[in-house]
Amino acid sequence: MIVVKDDLLILRETLQRFVDSRLRPLVAEYEANQRFPIDVTREMGQLGCFGAGFPESVGGAGLGKLGQTLVIEELSHASGGIAATTLVQFLSIYPLYLHGTTEQQSMYLKPAILGERMAAIAVTEPNHGSNVAGIETVAVPDGSGYRIKGQKMFITNSPFADFMVVAAKTPGSDPHHAITLFVVDRNSPGVIIGGHLKKLGWWTSETAPVYFDNCWVPAAQVIGEAGAGFYYIMEDFNYERLLLSASSIGLAQEALAVAKAYATSRSQFGVIIAEFQAVRHKLAQMAVRLEAGRQLLAHAATVADEADDFSELASMAKYFCGEMVNQVAYDAIQILGGAGYLQDHPLERIYRDARIMTIGGGTSEVQLNIIAKRMGL
Ligand SMILES: Cc1cc2nc3c(=O)[nH]c(=O)nc-3n(C[C@H](O)[C@H](O)[C@H](O)COP(=O)(O)OP(=O)(O)OC[C@H]3O[C@@H](n4cnc5c(N)ncnc54)[C@H](O)[C@@H]3O)c2cc1C
């Protein structure tokens with residue numbers, strides 16, 4: 001896919017205006033209530049937040065993985081939670097774009113790109129996170145469909161999602177060929193959304209467990225081939241790693257900007273603190289780490305737009321950027337001293353939002369496992 005740089009610039013500028021004028025003013029209230037500002041989804045859809053990376057044939061902007069990472073980076077300037085909601089929306093419909101039928105695409109994919117319908121993706125379970133192949137939710141063939149039974153955990157967007165992409169085991173002895181993806185309407189009998197999970201960060205995203213109590217779905221709700229779900233999930237996870245890296249970049253940029261502004265305005269011992277070598281070196285190190293992450297992600301996303309296999313680079317970007325944003329947020333708070341430790345300060349939120357970046361979408365340890373395996377170890 002060839003992405004035109006001018007289009008990316010226009011998208012970035014448009015999103016920056018939207019973030020500053022529309023999202024930033026909402027963040028304090030929605031963070032306090034631990035809710036996503038659901039009323040903005042159609043505006044976000046119009047701007048391409050959920051579809052920049054999809055081709056125009058399905059209602060996207062045709063800006064590829066580079067374009068979609070840019071969206072997540074810019075939204076992360078407002079808040080990690082809003083970016084998380086957006087990237088989950090995108091990843092929930094990505095399997096429908098790649099493998100869905102024309103009917104599924106018109107019913108779920110296209111309205112979700114426009115922000116008219118919200119989506120979640122339910123893979124993780126209470127006993128199976130990193131080990132996707134181990135999931136225990138089953139989809140038993142029953143008449144002209146399947147009966148889904150099981151429990152999912154940590155499902156972002158599920159409190160308001162109109163539909164969910166659900167991973168469940170279908171008959172098959174090899175666990176890697178026994179997972180099927182289904183698109184399930186929220187109001188299907190047997191779908192139960194649990195209570196809001198209170199989280200350390202990402203407060204403007206909503207996360208809950210989801211239960212499937214013998215939920216019957218017609219066979220037309222299977223996405224792609226039955227039994228191919230594990231591989232579809234891995235495709236999704238590779239993309240997710242680029243998007244989470246982009247969120248780390250946006251959060252780190254924001255943290256560095258706040259720390260730099262503070263360091264150049266705060267005086268101690270009669271001197272602006274940015275004059276102290278300890279402080280200016282810390283700011284310089286933060287800038288280097290951020291730039292290294294930005295370059296790694298830009299390279300990974302560019303390769304991802306051109307090649308089928310980008311999993312090693314996606315894992316490298318996810319690992320590096322996830323660790324980087326935690327270091328940058330930590331250093332930024334150090335530069336602010338006590339002011340950065342206060343609740344309601346943007347840095348306090350960024351520090352909390354950064355923590356998920358080494359966990360969600362595959363932990364740092366899982367990324368290193370993937371990289372080591374690719375090294376032939
Ligand atoms: C806020 C939030 C939102 C989420 N949203 C979603 C969502 O929308 N949909 C969804 O399906 N899931 C979601 N998740 C789940 C997320 O993807 C998992 O939390 C993540 O994959 C890790 O799984 P786990 O929490 O079960 O940890 P575990 O897999 O139990 O890991 C625990 C520890 O063991 C380590 N470990 C595990 N296996 C290995 C190994 N092979 N080698 C070395 N170390 C290992 C891990 O690195 C980690 O340190 C979300 C999670 C959170 C916290």
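FYI, it's all coordinate maths here, none of it is from the lab. Since the model is a prediction, treat every value here as computed from it, not as a measurement. Heads up, the Cβs are rebuilt from the backbone with ideal geometry, glycines too, and the neighbour counts pull from every protein chain shown.
What the table shows:
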| item | result |
| --- | --- |
| Residue among I113, I350, I273 with the largest mean-square fluctuation in a Gaussian network model of the chain, springs linking Cα atoms under 10 Å | I273 |
| Among beta bridges that DSSP assigns inside the chain, antiparallel share in %, nearest 5 | 80 |
| Over the chain, volume per residue of the alpha carbon convex hull, in Å³ | 133 |
| Net charge dipole size for segment 5-117 [Lys, Arg +1 and Asp, Glu -1 on Cβ; Debye, nearest 20] | 100 |
| Residue-span extension gain [D309 to T101] - 0.36 nm each, minus C-alpha spacing | 72.5 nm |
| Charge dipole (debye, nearest 20) of the chain; +1 at Cβ of Lys and Arg, -1 at Cβ of Asp and Glu | 800 |
| Three-way shape label, segment 164-254, alpha-carbon gyration tensor, a/c 1.5 | oblate |
| Percent RCO, i.e. relative contact order, over the chain, from Cα pairs under 8 Å lying at least 6 residues apart | 16 |
| Fully extended contour minus Cα-Cα distance, from E235 to A133, at 0.36 nm per residue | 35.3 nm |
| Mean separation of Cα contacts under 8 Å, 6 or more apart, over the residue count of segment 173-316: relative contact order % | 22 |
| Neighbour net charge for E56 - beta-carbon separation under 14 angstrom, K R +1, D E -1 | 0 |
| Residue of T41, T102, T170 that the Gaussian network model of the chain assigns the largest fluctuation, springs spanning Cα pairs under 10 Å | T102 |
| Estimated [θ] at 222 nm from DSSP helical runs (n ≥ 4, -39500 (n - 2.57)) normalised by residues in the chain, nearest 500 | -16000 deg cm²/dmol |
| Whether segment 43-181 is rounded, prolate or oblate, judged on the alpha carbon gyration tensor where a/c under 1.5 counts as rounded | prolate |
| Which of I356, I192 has the fewest Cβ neighbours within 10 Å, and the rest in rising order | I192, I356 |
| Gaussian network model of the chain, Cα within-10 Å springs - most flexible of V191, V288, V88 | V288 |
| For segment 209-350: rounded, prolate or oblate by the Cα gyration tensor [a/c cutoff 1.5] | oblate |
| Axial C-alpha extent at least 30 Å, average Kyte-Doolittle at least -0.5 - helices from the chain (DSSP) | 229-263, 277-306, 311-336 |
| R17 versus I192: modelled label distance in nm, points set 7 Å from Cα along the beta carbon direction | 4.8 |
| Neighbour-limited loop hits for trypsin sites (Lys or Arg not before Pro), segment 169-208 (at most 10 other Cβ within 10 Å; DSSP other than H, G, I, E, B) | K198 |
| Cβ-derived FRET efficiency at R0 30 Å, Q268 paired with V288, nearest 0.05 | 0.75 |
| Per-pair calculated FRET efficiency, R0 = 22 Å: A339 and A32 via Cβ, rounded to 0.05 | 0.65 |
